[in-house]
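Enquirer: Sharing a structure here in structure tokens format.
The values are calculated or read from the model by the stated rules, or taken from the named source; none is laboratory data. Since this is a predicted model, take the numbers as computed values, not measurements. Here Cβ is always computed from backbone atoms with ideal geometry, including for glycine, and neighbour counts include all displayed protein chains.
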Amino acid sequence: MDSLIVRTMVSESFFFSKRWDWIWTGYWALFFLVLALVPDEKLWRYKFLGLQGVVVAGWFLWAAWTLSGNRLLWLRSAMEAPLLLYFFGTLFLYGISPQQAFSFPELRRVSLCVAVFFLAFQSMSRLEKVQKILWIWIAGAGVAAAYGVLQRFGGMGPVEVPRMHRVMGTFGNPIFFAAYLVPSLATMLGGFFYWRFRKTAFLWWGLFLIQAAGFWFAQTRAAWIGLGLSTAAFFLLFLSSWKKRLAALGFFLGALGTFVAFFPELWQRPQAHLLIWRDTLQIFLNHPWTGCGLGRFHLEFPQVASAALRELWPQERVIINFAHNEFLQVLAEGGLWGLGLVLWVLWSFATSYLQARRSHSDRVSPVLALAVFSGWVGMWGGSLFSVDMRFDLSAIFSFWLMGALQACCAPNRQVGFFWTRRLKFLGGVLCAFFGFLLFRTILFPYQASRRALEEPEFFEPFSSRLGGEVELLEAQVRERPQDPAALERLAYRYAKLKEWEKAIAYYRRVLELSPQRPGPYNNLANILYTLGRVEPALELWRRSVAVAPNQVDAHLNLGLIYYRRGELKQAGLHLEEVLRADPKNEKATVLLKKMVE
């Protein structure tokens, strides 16, 4: 009886209205517009900033969708338990992390991935035709690929763009651009079987050729491996007999061998993946159960890097941020616990899809669903050899693929209950509060970067005002030559005027009279570092934090110097002290972003 009531509620629900169908289609169009077209740059990450905003807006949209009716309707998925454990398991790893400032971006990445899955699943399960969203996705990928092709040639006609040997489209890196195109190309492979006799086939072919050209010009080896795996997965599942599968596999291996033989320049570029993988395993052996801490790979890796790797990539010049293998990276940062969470999610989704293949809904073609699944396999397969999933957008996109496929293919169960006015009001208040916190968290690193760039320099040109202050302070020092406060003020003014020797002399005099004052150590170190005397400056900064452990400026300066030397673990310790004393410190926030980008 209860199930009959629920089904009746669903059939009459506003959830299935044409209005909301168009609203959600427009929302996912915006999602793919941001993913494909917004430019991505180091440090600023406009694309990621925009996509975070879209995801948060999506949850507000879902809340409005739910609160505008008289009842809450939630669709149950076979992925609920794995994803919730994945989120709470990651939250546990964040809680035990020795440096949570470095772990927060990983917690944010996982949170966004889980959120996108449920958004895609809950909304697309109720759409009449999901193939409209498929076209929007493919068209956006075509535009991004067309821009990548233009980058290869520097433009076309009156249109000029930056010329690149390895193109990156709007993604800021060829690796991430190629990873984005892998599921799109795999999906288009399935589209050939679906649209081959339709009027839109020529448009499908055009988009495929543009994307194939952009993919080729990206020259990314891991993406080629991912595309090969997705193609193999598609035909092994699409073909009906083992003889055909073996024949397809033989053809695939032959084509792969030919490709490697005729294009050796793609495979013979210098790389050190094997060395990095071997040294990454040492981090895991040091922390086998819960890892070294989320987001802390780049801090721990310099301590285990081999001499051979240091010779190839000197620590002072190259920061090895990632393991270039997603599963090894997870194993190093989260141990067996973290790897188990990820593998359970992937295994649950793959088995859920394969079990539901023959009982798919008729809202999407089986061959198109299989092609999307193959593209998902290609994304994760490529991450065995690359940093794709460390790029938040790639991870978010892969979870969108999972949510979309679950919505279209896997059976789900509906549960619902009626709202009361009080529950509606409480739900609205909670959504507004958490939305405010989320937007503030998202925007802070970017606002900090802007303000850090706009901050004026410490040293100023000479002005009559400063000259008058110096004369007055010199008179005070003559009257009280043993007064450290007066001497420090005078040294500070000389430093602002770039009269280095006088400033150094007065600061040294202050430290002789009052060695427990932390400020003179820090300021004197700033001057010596400006003059290129790095080691004496380091020693003074160390003394400064020894005298006053909570001194933000000295910790920040030490973090910056250790970062420039490639000693990331030491840099991280000092930046953590900065953020512990001042959680909104903009310079520390910017430096943390630089360390992983």
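Residue-by-condition table, conditions (1) touching a helix residue (DSSP H, G or I) at 6+ places or on another chain (Cβ under 6 Å); (2) at pLDDT below 85:
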residue	(1), (2)
ALA248	yes, yes
LEU253	no, yes
ILE276	no, no
LEU294	yes, no
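Enquirer: Taking the options PHE418, PHE385, PHE444, PHE391, name whichever one is modelled with pLDDT of 65 or more, out of contact with any Pro (no Cβ under 6 Å at 6 or more places or on another chain) and either closer than 28 Å to LEU61 by Cβ or surrounded by fewer than 17 Cβ atoms within 10 Å (Cβ to Cβ) (or both).
Expert: The match here is PHE391.
Enquirer: Would you say TYR506 is under 27 Å from the mean Cα position of the chain (by Cα) and among the aromatic types (Phe, Trp, Tyr)?
Expert: Answer is no for this residue.
Rundown of residues vs (1) within 20 Å of TYR353 (Cα to Cα); (2) assigned to a helix (DSSP H, G or I); (3) over 26 Å from the mean Cα position of the chain (by Cα), yes/no style:
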position: VAL110; (1), (2), (3): no, yes, no
position: VAL116; (1), (2), (3): yes, yes, no
position: LYS132; (1), (2), (3): no, yes, yes
position: ILE136; (1), (2), (3): no, yes, no
position: ALA139; (1), (2), (3): no, yes, no
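Enquirer: Can I ask one more? From ILE175, ILE210, ILE136, grab the single residue that is closer than 23 Å to ASP388 by Cβ, crowded, with 21+ Cβ neighbours inside 10 Å, at pLDDT 90 or above and not acidic (Asp, Glu).
Expert: ILE175
Enquirer: Let me ask something else about it. Does the range 166-188 contain at least one residue that is more than 26 Å from the chain's Cα centre (by Cα), assigned by TED's automatic domain parsing to the domain that holds ASP392 and within 29 Å of LYS132 (Cβ to Cβ)?
Expert: Yes, the conditions are met somewhere in the range 166-188.
Enquirer: Filter the range 322-338 down to the residues that are within 13 Å of MET389 (Cβ to Cβ) and either in a loop (DSSP other than H, G, I, E, B) or more than 18 Å from the chain's Cα centre (by Cα) (or both) and list them by number.
Expert: Across the range 322-338, the qualifying residues are PHE322, ALA323, HIS324, ASN325.
Enquirer: Inspect the range 558-575 for any residue being under 29 Å from GLY295 (Cβ atoms) and not in a helix (DSSP H, G or I) and give the result as yes or no.
Expert: For the range 558-575, residues under 29 Å from GLY295 (Cβ atoms) and not in a helix (DSSP H, G or I): present.
Enquirer: Any residue that is hydrophobic (A, V, I, L, M, F, W, C) and closer than 27 Å to VAL578 by Cα - is there at least one of those in the range 469-485?
Expert: Taking the range 469-485 first, the residues hydrophobic (A, V, I, L, M, F, W, C) are 470, 472-473, 475, 477, 485.
Subsequent filtering for residues that are closer than 27 Å to VAL578 by Cα retains 485.
Yes, that holds for at least one residue.
Enquirer: If you don't mind, another one. What is the one condition in (1) at pLDDT 90 or above; (2) surrounded by fewer than 16 Cβ atoms within 10 Å (Cβ to Cβ); (3) more than 15 Å from ASN325 (Cα to Cα); (4) not hydroxyl-bearing (Ser, Thr, Tyr) that GLU265 does not satisfy?
Expert: Status for GLU265: all satisfied but (1).
Enquirer: So, one more: Using beta carbons and a limit of 8 Å, which pairs, at least six apart or on different chains, have the first residue in the range 75-99 and under 30 Å from VAL578 (Cα atoms) and assigned by TED's automatic domain parsing to the domain that holds GLN122 and the second one among the β-branched types (Val, Ile, Thr) and outside any loop (DSSP other than H, G, I, E, B)?
Expert: Within 8 Å, the pairs are PHE87/VAL110; PHE87/VAL114; THR90/VAL110.
Enquirer: Would you pick out the residues in the range 495-536 that are surrounded by 22 or more Cβ atoms within 10 Å (Cβ to Cβ) and assigned by TED's automatic domain parsing to the domain that holds GLU471?
Expert: Listed by number, the residues that qualify are ALA495, ALA503, TYR506, TYR507, VAL510.
Enquirer: Could you list, in sequence order, the residues of the range 532-544 that are closer than 14 Å to GLY519 by Cβ and without any contact (Cβ under 8 Å) to a residue 24 or more places away in the chain?
Expert: LEU540, TRP541, ARG543
Enquirer: In the range 11-26, which residue that is of a type in the set (Gly, Ala, Ser) and modelled with pLDDT under 75 is surrounded by the most Cβ atoms within 10 Å (Cβ to Cβ)?
Expert: SER13
Enquirer: Quick one: what pairs do we get from the range 162-184, first residue without any contact (Cβ under 8 Å) to a residue 40 or more places away in the chain, second part of a loop (DSSP other than H, G, I, E, B), C-beta under 6 Å, 6+ apart or different chains?
Expert: Here the result reads ARG163/GLY154, each pair linking the range 162-184 to a residue that is part of a loop (DSSP other than H, G, I, E, B).
So that you can scan it fast, the table gives a plain yes or no per residue for (1) outside any helix (DSSP H, G or I); (2) at pLDDT below 90; (3) on the phi > 0 side of the Ramachandran plot:
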| site | (1), (2), (3) |
| --- | --- |
| SER3 | no, yes, no |
| MET9 | no, yes, no |
| TRP28 | no, no, no |
| LEU33 | no, no, no |
| LEU43 | yes, yes, yes |
| PHE48 | no, yes, no |
| GLN52 | no, yes, no |
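Enquirer: Before we move on, is ARG45 in contact with a Ser or Thr (Cβ under 9 Å, 6 or more places away or on another chain) and either crowded, with 16+ Cβ neighbours inside 10 Å or charged (D, E, K, R) (or both)? Please lay out each step first, then the result.
Expert: Numbers: in contact with a Ser or Thr (Cβ under 9 Å, 6 or more places away or on another chain): no; either crowded, with 16+ Cβ neighbours inside 10 Å or charged (D, E, K, R) (or both): yes.
Spelling it out, it is not the case that ARG45 is in contact with a Ser or Thr (Cβ under 9 Å, 6 or more places away or on another chain) and either crowded, with 16+ Cβ neighbours inside 10 Å or charged (D, E, K, R) (or both).
Enquirer: Moving on. Would you mind stating whether LEU239 is surrounded by fewer than 17 Cβ atoms within 10 Å (Cβ to Cβ), in contact with a Lys or Arg (Cβ under 7 Å, 6 or more places away or on another chain), in the same structural domain as ALA144 (by TED's automatic domain parsing) and not small (Gly, Ala, Ser)?
Expert: yes
Enquirer: Of all the residues that make up the range 150-161, how many are touching a residue at least 60 places away in the same chain (Cβ under 8 Å) and surrounded by fewer than 20 Cβ atoms within 10 Å (Cβ to Cβ)?
Expert: Going through the range 150-161 one residue at a time, the tally reaches 1.
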